[in-house]
1. Dipole of the stretch 109-220, Cα-centred, from +1 at each Lys and Arg C-beta and -1 at each Asp and Glu C-beta, to the nearest 20 debye?
2. For the chain, what is the mean residue ellipticity at 222 nm derived from helices alone (per DSSP H run of n ≥ 4: -39500 (n - 2.57); sum divided by total residues; nearest 500 deg cm²/dmol)?
3. Among 210, 167, 87, pick out the residue whose Cα is farthest towards the positive end of the charge dipole of the chain, where Lys and Arg carry +1 and Asp and Glu carry -1 on C-beta, about the Cα centre.
4. Would you mind ranking 244, 20 by Cβ crowding within 10 Å, fewest neighbours first?
5. When only C-alpha pairs under 8 Å and at least 6 residues apart count, what is the relative contact order of the chain, in percent?
6. Quick check for me: using +1 on Lys/Arg Cβ and -1 on Asp/Glu Cβ, what's the dipole size of the chain about its Cα centre, in debye to the nearest 20?
7. Can you find, among 33, 242, 110, the residue sitting farthest towards the positive end of the charge dipole of the chain, where Lys and Arg contribute +1 and Asp and Glu -1 at Cβ?
8. Relative to the first principal axis of the alpha-carbon coordinates of the chain, what is the inclination of helix 30-45, with its axis defined by its Cα atoms, in degrees from 0 to 90 and to the nearest 10?
Amino acid sequence: MTVESVRFEMTDSVAVLTLDRADRRNAIDLDTCIALRSFLQRADADRAVRAIVLAGNERDFCTGADVTAGSDAAKDLTPLDYRYLTVDYQRLFQQLWETETPVVSAVTGTVAGIGWMLALLADLVVAAEGARWTHVFTRRGMIPHAGDPYFLPRVIPFHRLNEIALLSEPVTSETLASWGVINRCVPPPDVIATATELAVRLAAGPTRTLGMTKRLYRRSLDSDMLTAFDEERTAQALISTTHDRREGVQALVEQRPPKFTGS
């Protein structure tokens, strides 16, 4: 497996993963899919990484899965059988959903197909004004797949999602911002800087607390109330033993800004 299609850069405690398949409009082939998942797993296990930025290029953030005839993912399947073709993609988005390290997506160009999940399963989404988002599945007579039917109803209001999926008409970042789906809609030259600024702020926070907070919110979507209450108590007990929890309380007592270390 090669990872030439994904650039990895580390600045202080922020890891930046950049899709680098301009010749394929940043469509994700199988090797890229596996590489992204591996990077996310390793970054989540590395305590030096306290925030992650996902980025594309100026033209395209991600235009979906590269499963066209002749691609590595599809070369042994004629016709394509999407029931099994997308298993690795499902695992990628499961990993992104469950990653406890804070993730910021920097959307500087077109988003299509599974690119929606790569962008919107981040914790914070920064998108360029005028960027085009196209949910292409039904337009091609296809069922949304690779985890789309599970994840998108959790991040997009129900009737807006129906509008996106059933009509299959492109929308802009401005529209998604007005629906409350993305966090920041900024001029294209400001996307990376804005996403990086947010990531730096997250990286300076109480890392384990942020990760546990993410976990509780996500798990609550599939839990009953009593289970959610029980997991909240467990999380409180675990976090009460951390340095950052003690530092937060001490800083409050001393009326000063806290200095979190991620431990």
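Here, each number is a calculation from the coordinates, and none is a lab measurement. A quick note: this is a predicted structure, and the numbers were derived from the prediction, not measured. Methodologically, a virtual Cβ is constructed for each residue, glycine included, from the backbone with ideal geometry; neighbour enumeration extends over all protein chains shown.
1. Here the size comes out at about 540 debye.
2. -13000 deg cm²/dmol
3. 210
4. Least to most surrounded, the residues fall as 20, 244.
5. Here the relative contact order equals 17 percent.
6. Dipole magnitude for the chain comes out near 400 debye.
7. In the chain, that residue is 242.
8. Orientation of helix 30-45: about 0 degrees from the principal axis.
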